[in-house]
Each structure stands twice: as structure tokens, then as C-alpha cells.
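Readers should treat all values here as calculations from the given coordinates under stated rules, not as data from a laboratory. No experiment lies behind these values; they were computed from the predicted model shown. With ideal geometry, Cβ positions are generated from the backbone for all residues, glycine too; neighbour counts draw on all protein chains shown.
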Amino acid sequence: MPPITRLGNDLVDLTAPGAAGKAQDLRFLRRVFTSAEQDRIARSQDPDRALWRLWSAKEAAFKAWSRYLPALVFAHSRFEVDPEKGSVKTPEGTCRVHWREQEDWLHCLAWTGEFPEPPCWEVERLDPGVAAHGSEAVRLPSLQARDLASRLLARIGLPEVELRREDRSPGRAGPPVVLLDGRILEGMLVSWSHDGDWVAATVGQTSV
Ligand SMILES: CC(C)(COP(=O)(O)OP(=O)(O)OC[C@H]1O[C@@H](n2cnc3c(N)ncnc32)[C@H](O)[C@@H]1OP(=O)(O)O)[C@@H](O)C(=O)NCCC(=O)NCCS
């Protein structure tokens, strides 16, 4: 049987408050990263970027695995990243990861299994007009990320679908899912992320 296909993503705004200098935070390093990862950060020419690269892979891997494992608890240090291999070893198995980086942000895609087409993904700047919407500001990056995911879905021929966070008890929202006429499209995987001035989304189709 082919391995289950999973998809997750994570975005880090490298200009956000607290991003620069995080590699000096020893308590954070010890809590979040394995000793091999801590060594890698310490040896890096750009320790902050190396740290956020590892962090984004852990987060993207958690999102990918969480869809089919509702009881999975996210303990960052139990998700070990190997940047050379482009993989993350999780308590449940291994997934692949791929980064794309710019001066201001980095984006990580995590997946398992094979997709008939590579997942598509995009990063875009948070719309400043939208961000200026007073008390709703906290939720607006989320809305823009969903909107970006909808645009990616339209691009692959699914303009009529709906996006929702899966219900998880008690009263918890789980991973995002794609719905058509009120029913989850199990073959469509979606993930989104927002941080600081940026939002990102990815979609992948596992079956037609
Ligand atoms: C999932 C998680 C990694 C998200 O990371 P984040 O840095 O807060 O935020 P990001 O912007 O990168 O991602 C947020 C998006 O992730 C998605 N997301 C949330 N929970 C998710 C999950 N379990 N699986 C997959 N995707 C998830 C949502 O789409 C969310 O966007 P929205 O709130 O705008 O709808 C974080 O919420 C987390 O650590 N959860 C783990 C909690 C846990 O282990 N609980 C155990 C319960 S006992």
C-alpha cells in the first residue's frame, strides 16, 4: 500500500519582533531543539536563520502529520530535522521538507507520500489595507491565508470549494480541510500559515 500522503507548511517572518537574536536564547534552544540541532545552529554563519529554518520544518511536519493523528502532541524537540537529507523524523515516522527563503521570510513545505503533481504553494505580503482593520486585525492574516489557499485551489480547477478547520473535541479546531457541497474532499490537502507581514498557503491533490 502506498504511504499516506500528507501536507503541511510553515512561514517565518524574519523581520518580526523577536526573530533576530533568538539564537542567543539558550533556554529556548534547549527546550525546542535536539543537541544535534543546537550544534548546527551554533556552527551556522547565520544562527538566527538556521534556527528558524529548523523551527519551520518542525511546525510544517507537525501540521502534515496532525491531519490523520488527532492525538499527536506537538513537542518540538521530538521532531528532529535533518537539513541535508531534507527530512524530519517525527514520533510517528519521517516526512520530507523543502525550504524557500528570501531576505525577509522563509517558508517550509512538509509532506509524505507521492503527489501526482507537486503541491503548489505561495507566499504573499499581508495586505496593509486589510491589516489596518482595527479590532479585527488579529484574525485578518488568517482570512488572507484562507483566501490565498482558495486562489491556489481555483488555479488547480477547484473554484467552488470551501475551506474550514476540522472540528476536534472538546471545542478545538483542527487542521484545515477542503469541502465541496458540505463534504470533506479527502483527496485535497491544504495548509496555511501566517507570521508578521506575510501569509502562505499550499494545496496538493492526492487523487482525482
Ligand atoms: C498547529 C501549530 C503548529 C500552528 O502554528 P502557529 O505558529 O501557531 O501558526 P501558523 O500561522 O504557522 O499556522 C496557523 C495555521 O495552522 C493550521 N493549524 C492549526 N492547527 C493545526 C493542526 N493541528 N494541524 C494542521 N494545521 C493546523 C491552521 O490553519 C492555522 O491557521 P488559522 O488559525 O489562521 O486557521 C500550533 O498551533 C501548535 O503548536 N499546535 C499544537 C498544539 C498541540 O500539540 N496540542 C496538543 C493538544 S493536547
*Show the residues, 5+ positions off or on another chain, whose built amide H is closer than 5 Å to the amide H of GLY174.*
GLU166, ASP167, ARG168
*asked:* Run lengths n ≥ 4 of DSSP H only: what is the helix-derived mean residue ellipticity at 222 nm for the chain, with -39500 (n - 2.57) per run over all residues, to the nearest 500?
replied: -8000 deg cm²/dmol
_Suppose every Lys and Arg Cβ carries +1 and every Asp and Glu Cβ carries -1, with no other charges. What dipole size does the chain come out with about its Cα centre, to the nearest 20 debye?_
660 debye
*segment 80-94 - phi-based ³J(HN,Hα) in whole Hz, Karplus 6.51/-1.76/1.60, Gly and Pro as x*: 9, 9, 10, x, 5, 7, x, 9, 10, 8, 10, x, 9, x, 10
*Between ASP197 and SER142, 0.36 nm times their residue separation minus their Cα-Cα distance comes to what?*
18.6 nm
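Cut-off is 10 Å between beta-carbons; in what order do HIS98, HIS107 appear when sorted fewest neighbours first? Each step should come with its number before you reach the end.
Numbers: HIS98 16, HIS107 23.
Ranking HIS98, HIS107 by Cβ neighbours within 10 Å, fewest first, gives HIS98, HIS107.
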*Return the single residue from SER77, SER150, SER35 with maximal mean-square fluctuation; model: Gaussian network over the chain, springs between Cα atoms under 10 Å.*
SER35
_Within the chain, longest stretch clear of exposed trypsin sites (Lys or Arg not before Pro) (DSSP loop, no more than 16 other Cβ within 10 Å)_ = 1-84
*Can you put ASP181, ASP82, ASP46, ASP13 in order of Cβ neighbours within 10 angstrom, beginning with the fewest?*
ASP181, ASP46, ASP82, ASP13
_Taking PHE79, PHE28, PHE33 and counting other C-beta atoms within 10 Å, the order from fewest to most_ = PHE28, PHE33, PHE79
*asked:* With unit charges on the beta carbons (Lys and Arg positive, Asp and Glu negative) and the dipole taken about the Cα centre of the chain, which residue among LEU51, MET188, TYR68 sits farthest to the positive side?
replied: TYR68
*Among CYS95, CYS120, CYS108, whose mean-square fluctuation peaks in a Gaussian network model of the chain (Cα, cutoff 10 Å)?*
CYS120
*Could you tell me which of LEU163, GLY21, LEU153 has its Cα farthest along the dipole of segment 6-205 towards the positive end, charges placed at Cβ (Lys, Arg +1; Asp, Glu -1), taken about the Cα centre?*
GLY21
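Could you tell me whether segment 16-129 comes out rounded, prolate or oblate from its Cα gyration tensor? Rule is a ≥ b ≥ c as square roots of the eigenvalues, rounded for a/c under 1.5, then prolate if a/b exceeds b/c, otherwise oblate.
Working: a/c = 1.63, a/b = 1.13, b/c = 1.44.
Verdict is oblate for segment 16-129.
Would you work out if the chain is rounded, prolate or oblate? Take a ≥ b ≥ c from the square roots of the eigenvalues of the alpha-carbon gyration tensor; rounded if a/c is under 1.5, else prolate when a/b is larger than b/c, oblate otherwise. All intermediate terms of the calculation are to be shown ahead of the outcome.
Working: a/c = 1.75, a/b = 1.26, b/c = 1.39.
Oblate is the answer for the chain, as a/c is 1.5 or above yet b/c matches or exceeds a/b.
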